[in-house]
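Visitor: Sharing a structure, written as structure tokens. Questions coming.
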Amino acid sequence: MKYFTHPQGIFEIKIPLNWHYKNEVAGYENKSPFSFELFQNTQGCFQISCYHKSEQIINPHLPKGCFNDDKLEFIKTELPDDEFKILLWATVVEDYFFMAKFVCQPTKQNLNIVKKQIAKVEDSLSTLMCLSLDRREFAVNYDRFDKFNASLAASFDLKNKAIKNRSFIELIIIVANQIDAYLRLCIVHKYQIIENTFLFKLEYLYQAEIDKPIMEKKIYQKAREMEILSEVQYNQLYKLYDLRNKVVHRYIITDIKTMELKNICYDYELVCEEIRLILAKIETEQFEKNVGYHGTKDPHRRKEQSHVNELFSMVNDKHFSKEFYRKI
């Protein structure tokens with residue numbers, strides 16, 4: 001299973017690896033109800049909603065739980081409907097009302113599948129935890145960090161496709177993105193060492209629509225200031241940055257040749273690997289100093305299969321595409 005975290009860290013819940021969060025891809029806001037379905041051949045929709053008492057009148061007869069309790073009790077009911085099966089679960093935690101819903105259309109053919117999906121819903125609800133105020137920042141931090149890493153992993157699918165198709169302009173753009181991502185990870189992990197904290201500076205890992213962006217050149221400058229990059233590497237990145245912009249924005253109006261693109265790709269890849277190795281050293285430094293994200297675990301030890309499957313599931317979420325879908 002994998003975690004879903006409320007955007008403000010109010011609650012966390014584990015959901016099956018083959019379920020996908022549907023609000024964003026369906027064009028809905030990231031707020032209650034939060035909806036989940038199978039990627040394809042869906043057999044029902046699971047929704048969970050969370051409302052503060054200022055938003056919703058709370059039924060005083062519902063079971064009541066406490067913050068950080070992962071053994072909540074629910075009232076379960078089924079709504080009468082001639083066509084659909086609609087199950088509801090409800091509980092209260094402190095000042096928050098939780099309601100879960102599963103809607104499906106059972107037939108003779110899919111009855112066993114529906115039963116399994118309902119069992120998965122109840123398994124998920126058994127992991128629901130409403131977090132106290134002091135734990136919410138931490139939860140949001142690690143949720144964004146995990147999503148950042150899943151996006152970085154997903155970029156390799158695009159990179160491999162570009163290599164296979166010899167799409168050099170696409171490859172230049174992707175590798176430039178990966179260099180930016182590695183440097184951002186270097187920066188946030190370095191800050192964790194300097195400040196002796198487990199929290200991340202999220203402005204380097206996540207950019208909402210309304211956020212002021214930290215542009216690529218600013219990342220290079222910050223990495224140089226923190227002595228993550230050498231002067232040679234810093235200058236090489238600026239040189240490649242100018243070449244990349246020439247390729248992307250001025251390919252038609254300059255004399256740059258298509259044959260030059262492969263060499264630009266090669267130079268980008270060399271620098272990308274150098275920076276990846278710098279990141280590996282910083283991760284190891286955290287482990288050796290027992291500080292930051294990697295302070296309690298060796299970042300280079302072989303991951304358990306369950307962790308690999310969780311990453312694959314999050315990569316599927318990032319792509320939301322049949323072309324790159326991994327079966328878990």
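Visitor: Using only Cα atoms, tell me the angle between helix 231-250 and the longest principal axis of the chain; keep it within 0 to 90° and round to the nearest 10.
Guide: 80 degrees
Visitor: Follow-up. Scan around N18 for amide H atoms under 5 Å from its own, H built in the peptide plane at 1.01 Å from N, and keep only partners 5 or more places away or cross-chain.
Guide: Answer set, sorted by chain and number: none.
Visitor: Expected output is a single nm value to one decimal: the length gained when fully extending between E195 and A208, i.e. 0.36 nm times separation in residues minus the C-alpha distance. What is it?
Guide: 2.2 nm
Visitor: Here's another thing I want to ask about it. Could you sort out which of K190/K327; K147/K239; K161/K246; K116/K159; K161/K212 sit more than 25 Å apart by Cα distance in this structure?
Guide: Flagged as over cut-off: K190/K327; K147/K239; K116/K159; K161/K212.
Visitor: Roughly how many whole Å is it from the C-alpha centroid of segment 45-62 to that of segment 159-229?
Guide: Comparing the Cα centres of segment 45-62 and segment 159-229, I get a distance of 39 Å.
Visitor: Between K164 and I252, what's the calculated FRET efficiency when r is the beta-carbon distance and R0 is 30 Å? Round to 0.05.
Guide: 0.75
Visitor: Please list 3J(HN,Hα) in residue order for segment 22-33, calculated via the Karplus relation 6.51 cos²θ - 1.76 cosθ + 1.60 where θ = phi - 60°; whole Hz, with x for glycine and proline.
Guide: Along segment 22-33, the couplings run 9, 3, 5, 6, 8, x, 9, 6, 7, 8, 4, x Hz.
Visitor: Amide H of G44 versus every other amide H placed in the peptide plane: which residues, excluding those fewer than 5 positions away on the same chain, fall under 5 Å?
Guide: Answer set, sorted by chain and number: L38.
Visitor: If you keep only loop residues by DSSP, which trypsin sites (Lys or Arg not before Pro) in segment 121-167 have at most 14 other Cβ atoms within 10 Å of their Cβ?
Guide: R166
Visitor: Further question: Explain nothing, just compute: Karplus ³J(HN,Hα) = 6.51 cos²θ - 1.76 cosθ + 1.60, θ = phi - 60°, for every residue of segment 36-51 in order, whole Hz, x for Gly and Pro.
Guide: Using θ = phi - 60°, the values come out as 9, 8, 5, 4, 9, 6, 5, 10, x, 10, 9, 10, 10, 10, 9, 10 Hz.
Visitor: At a Förster distance of 41 Å, what's the computed FRET efficiency of D134 paired with F39, Cβ-Cβ distance as r, to 0.05?
Guide: Between D134 and F39 the formula returns 0.70.
Visitor: A further question follows. What is the ratio of the Cα radius of gyration of the chain to 2.2 N^0.38 Å, where N is its residue count, to two decimals?
Guide: This ratio for the chain stands at 1.17.
Visitor: Right, another one. Could you pull out the GluC sites (Glu not before Pro) across segment 283-323 that fall in loop regions by DSSP (anything but H, G, I, E, B) with no more than 10 other Cβ atoms inside 10 Å?
Guide: Passing both the DSSP loop test and the Cβ count: E304.
Visitor: Report the GluC sites (Glu not before Pro) located in segment 53-88 that are in a DSSP loop and have at most 16 other Cβ atoms inside 10 Å of their Cβ, or state none.
Guide: Passing sites in segment 53-88 are E55, E73, E83.
Visitor: Calculate one ³J(HN,Hα) per residue across segment 116-121 by plugging θ = phi - 60° into the Karplus curve 6.51 cos²θ - 1.76 cosθ + 1.60, and present them in order as whole Hz with x for glycine and proline.
Guide: 5, 5, 5, 4, 5, 4
Visitor: Right, something else. Quick one: if the Förster radius is 45 Å, what FRET efficiency do N30 and E274 give, using the C-beta to C-beta distance and rounding to 0.05?
Guide: E(calc), rounded to 0.05, equals 0.75.
Visitor: Then there is this: May I ask for the angle, rounded to the nearest 10°, between helix 305-319 and the longest principal axis of the chain, with both axes built from Cα atoms and the value confined to 0 to 90°?
Guide: It is inclined by approximately 80 degrees.
Visitor: Where in segment 120-138 does the label zone of Q56 land, with the point 7 angstrom along Cα→C-beta and an amide N cut-off under 19 Å?
Guide: From segment 120-138, the list is 121-133.
Visitor: Once the piece of chain linking K147 and T284 is laid out straight, how much longer is it, given 0.36 nm per residue of separation minus the C-alpha distance between them?
Guide: Gain on extension, K147 to T284, equals 47.2 nm.
Visitor: If one computes the Cα centroid of segment 258-304 and of segment 95-131, what distance in Å separates the two points?
Guide: So the separation of the two Cα centres works out to 40 Å.
Visitor: Does anything in segment 44-63 have its amide N under 18 Å from the 7 Å Cα→Cβ label point of I86, and if so which residues?
Guide: So the set is 44-50.
The numbers here are math on the coordinates, done by the rules we state, and not lab data. Keep in mind it's a predicted model, so treat the numbers as computed, not measured. So basically every Cβ, Gly included, is an ideal-geometry build from the backbone, and we count neighbours across all protein chains shown.
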